[in-house]
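Read-outs: derived from the displayed coordinates by stated rules, not from any lab. Remember, predicted model here, so these are calculated numbers, not experimental data. Note that we place each Cβ from the backbone using ideal geometry, even for glycine, and neighbour counts take in every protein chain shown.
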Amino acid sequence: MKNDTFESFNDGELRIPGMNIRFETISWSKHPVFEGVELKHIVTAKETDGRFSFHLVRIAPGCVIKDHIHADQLETHEVIEGDGLCINNGEEIVYKPGVISIMPSKVHHEVCAGGKGLYMFAKFIPALC
């Protein structure tokens, strides 16, 4: 199934004074640990002097970003399309388009994609990479 809203971001662009980056020029990277998870690193530490990073994330149907923490980063998720469940500090949060979740540093969290897969933005402060 084609996810039109997600695809509009996948084909989108970052526009800031003096720079225009088309997302189609950024390759998808497989998550180094979690199967079925891919990321596009839209803004990295290099562009922000390490202050934050911004990533487009897609999680295949039924795949999971298992329980983990980030020792130094606050993380946000902004759900674009699909469905799933986030366990954030022990609390279940239903993920659907329009939901935003915040995970402070050192807080356990995991994300499980539902049958439609899950498409979201993830931001890290300070930058993850």
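All conditions but one from (1) in a strand (DSSP E or B); (2) buried (at least 16 other Cβ atoms within 10 Å of the Cβ) apply to residue 34; the one that does not is (1). Scanning region 45-68 for residues that are surrounded by fewer than 16 Cβ atoms within 10 Å (Cβ to Cβ) and either in contact with a helix residue (DSSP H, G or I) (Cβ under 8 Å, 6 or more places away or on another chain) or touching a residue at least 24 places away in the same chain (Cβ under 8 Å) (or both) yields 48, 50, 51, 60, 61, 62, 66, 67, 68. Restricted to region 85-99, and to residues there that are more than 22 Å from residue 7 (Cα to Cα), touching a residue at least 12 places away in the same chain (Cβ under 8 Å) and touching a strand residue (DSSP E or B) at 6+ places or on another chain (Cβ under 9 Å), the residue that is surrounded by the most Cβ atoms within 10 Å (Cβ to Cβ) is 86. Within region 100-124, being among the aliphatic types (A, V, I, L, M) and surrounded by 16 or more Cβ atoms within 10 Å (Cβ to Cβ) holds for 103, 111, 113, 118, 120, 122.
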